[in-house]
Amino acid sequence: MIKDKNAQEEMVGFGIIIGIVAIILLIFLWFALTDRDETSLDDYKTESFLQSALQYTTECEGSNGFYEINELSFECDKRRSCLNGKDSCEILNTTIRETLEAAWKGESSVKGYSLNITSDGNELMPAFVWGNLTGSSRGAREEFPKPGTLIGFVFKIYS
Amino acid sequence: MKIQQTAFLLIAVTLFFVLVGIFVLGFRLSGLRGDVSALEEKNALLLATRIANSPEFSCGNSYDGERLNCVDSDKVISLKDFEETYQGFWGASSIEIRKLYPILSVDTECNSGNYPNCNIINIRGEEQGGFSDGNFVTLCRKASKDGDSYDKCELAKLLVTYQKVE
């Protein structure tokens, strides 16, 4: 009877030790999994890209000089032409597509990308999509308001 | 008998802790290599941004208001003449600004003779080689058309190279 009781006590003791170790392990795992700061790097790159690309001076000239991509999107929204008669949307389309290709197609870590341009929430032109749009994506968003219009750019890279 | 049981229990508990320790150590060490490379990439990105926004590189207010991540290529090309003065100042072995778009058919390094018909501006430091990475910037300059000056901004990448900490 006493022997059984001792064995029971030992079992309980062992169980408590296992329990404590399990809790320590869980705490460690929680720290190990939440400690990593992976979010900012790709986001930072996509943000810099979008900011820089939208300031690109296009070939479309208006009355106040050559338009940058963000300004040209307003011209495209209003379906206005450039001074040389070229279609603003066509130049916007070509410039953005080539900019995206030049910047991202050589990046080995990038499997695909997408860029959507909206005017007041409606698609201004078909989205620029390349490669494999996997489940893992990072992105950036820029918005440019003008009286009566809000142009939005949403860029995502997939890895 | 009881001492024997206690000894066995102690050995079992010690073994258990040792195994847990090995597991924890293995888990930690497997992530270290990844952490190092992520940290180097982060350092390069931050250094590139710091350099792009420094007074010697940034556009300031020269191009229609203040711009973020904007590099004045006219300034940088002049800076090339003072490479020796700035030795060790930037915290990088070398700085390269590579124009991404519009694309030039042949890579051409810029100098005062061929500027702006080139796509790579190099600012060399005292040591070469090491870890290299960078960030996107807008590369602006003053261009002219029919005698009038206008702002011409292009897409570029500012790459920094620095020595790895061993």
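The values are calculated or read from the model by the stated rules, or taken from the named source; none is laboratory data. Keep in mind that this is a model prediction, so the values were computed, not measured. Glycine gets a Cβ as well: all are built from the backbone with ideal geometry, and neighbour counts include every protein chain shown. The area values use the complete protein model at the heavy-atom level, side chains included, leaving out ligands, DNA and RNA. Shrake-Rupley method; radii C 1.70, N 1.55, O 1.52, S 1.80 Å.
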Practice problem: Give me the lysines in straight-line cross-link reach of A:Lys5: C-alpha distance below 24 Å, same-chain residues under 8 apart excluded. | Solution: B:Lys2
Self-check item: Å² per residue, accessible surface of chain A at 1.4 Å
Solution: 57 Å²
Quiz item: In whole Hz, what ³J(HN,Hα) sequence does segment B:83-97 give by Karplus (6.51, -1.76, 1.60; θ = phi - 60°), x for Gly and Pro?
Solution: 3, 5, 4, 8, 3, x, 6, 7, x, 9, 5, 7, 10, 10, 10
Exercise. Report the paramagnetic label zone for B:Phe89: residues of segment B:49-70 whose backbone N is under 16 Å from a point 7 Å from Cα along the Cα-to-Cβ axis.
Key: B:50-59
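Mind checking B:148-155 for the average number of partner chain beta-carbons within 10 Å of each residue's beta-carbon?
Working: counts 1, 1, 5, 5, 3, 9, 5, 13.
Averaged over the peptide's residues, the number is 5.
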Quiz prompt | ³J(HN,Hα) computed for each position of segment A:148-159 - Karplus, 6.51 cos²θ - 1.76 cosθ + 1.60, integer Hz, glycine/proline x | solution = x, 9, 10, 9, x, 10, 10, 10, 9, 10, 10, 10
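Hey, any idea what Rg/Rh is for the protein assembly as shown, computing Rh the Kirkwood way over Cα pairs?
Details: Rg = 28.6 Å, Rh = 23.7 Å.
Rounded to two decimals, Rg/Rh equals 1.21.
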Practice problem: Taking amide H positions as placed in the peptide plane 1.01 Å from N, state which residues far from B:Cys70 in sequence (5 or more) or on other chains have amide H under 5 Å from it. | Solution: B:Cys59, B:Thr138
Quiz item: Among A:Thr134, A:Thr95, A:Thr57, which one moves the most in a GNM of chain A with springs linking Cα atoms closer than 10 Å?
Solution: A:Thr134
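Local charge sum around B:Asn111 (other residues, Cβ-Cβ under 11 Å, Lys/Arg +1, Asp/Glu -1)? Present the calculation step by step, with values, prior to reporting the outcome.
Numbers: positive: B:Lys80; negative: B:Asp81, B:Glu109.
Residues close to B:Asn111 contribute a combined charge of -1.
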Exercise. Take the cross-link list A:Lys111/B:Lys42; A:Lys146/B:Lys145; B:Lys80/B:Lys142; A:Lys86/A:Lys111; B:Lys75/B:Lys99 and give me the ones stretching past 25 Å between alpha-carbons.
Key: A:Lys146/B:Lys145; A:Lys86/A:Lys111
Quiz item: Given 0.36 nm per residue, what is the gain on full extension from B:Asp81 to B:Lys42 after removing their alpha carbon distance, in nm?
Solution: 11.1 nm
Quiz item: When chain A is modelled as a GNM with alpha-carbon springs shorter than 10 Å, which of A:Phe49, A:Phe14, A:Phe66 fluctuates the most?
Solution: A:Phe14
Quiz item: Summing -39500 (n - 2.57) over the DSSP H runs of n ≥ 4 in chain A and dividing by its residue number, what mean residue ellipticity at 222 nm do you reach, to the nearest 500 deg cm²/dmol?
Solution: -16000 deg cm²/dmol
Quiz item: Which ³J(HN,Hα) values in Hz, rounded to whole numbers, follow from the phi angles of segment A:77-89 under the Karplus curve 6.51 cos²θ - 1.76 cosθ + 1.60, where θ = phi - 60° and Gly and Pro get x?
Solution: 4, 8, 6, 8, 9, 7, 4, 7, x, 6, 6, 4, 5
Quiz item: Where the accessible area of chain B is counted over protein heavy atoms with a 1.4 Å probe, how much of it, in %, is carbon and sulfur?
Solution: 58 percent
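Does segment B:40-162 come out rounded, prolate or oblate by the C-alpha gyration tensor, with a ≥ b ≥ c the root eigenvalues, rounded set by a/c under 1.5 and, if not, prolate when a/b is larger than b/c and oblate if not?
Working: a/c = 1.65, a/b = 1.47, b/c = 1.12.
Taking the square roots of the gyration eigenvalues as a ≥ b ≥ c, segment B:40-162 is prolate.
Just the number, please: buried accessible area between B and A, total of both chains, 1.4 angstrom probe, nearest 100 square angstrom. Before the final figure, lay out each step's value.
Numbers: alone 11240 and 10830 Å², together 18700 Å².
For B against A, buried area totals roughly 3400 Å².
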Self-check item: Distant-in-sequence amide H partners of A:Cys60 (H built 1.01 Å from N, under 5 Å)
Solution: A:Tyr67
Quiz item: Which value in Å does the Kirkwood hydrodynamic radius of chain A take, with 1/r averaged over all unlike C-alpha pairs and then inverted?
Solution: 19.4 Å
Practice problem: List the residues whose amide H sits under 5 Å from the amide H of B:Ser93, counting only those 5 or more places along or on another chain, with H placed 1.01 Å from N in the peptide plane. | Solution: B:Thr161, B:Tyr162, B:Gln163
Quiz item: Where does chain B land at 222 nm, in deg cm²/dmol rounded to the nearest 500, when only DSSP H runs of n ≥ 4 count, each adding -39500 (n - 2.57), divided by all residues?
Solution: -12500 deg cm²/dmol
Quiz prompt | Per residue solvent-accessible surface (Å²) - segment B:40-162, probe of 1.4 Å | solution = 47 Å²
Practice problem: Excluding residues fewer than 8 places away in the same chain, name every one of the aspartates and glutamates whose C-alpha is closer than 12 Å to that of B:Lys157. | Solution: B:Glu96, B:Asp133
Quiz item: In the protein assembly as shown, with Lys and Arg counted as +1 and Asp and Glu as -1 at Cβ, which of these residues, A:Gly13, B:Ala38, B:Thr108, has the Cα nearest the positive end of the dipole, that is, farthest along it?
Solution: A:Gly13
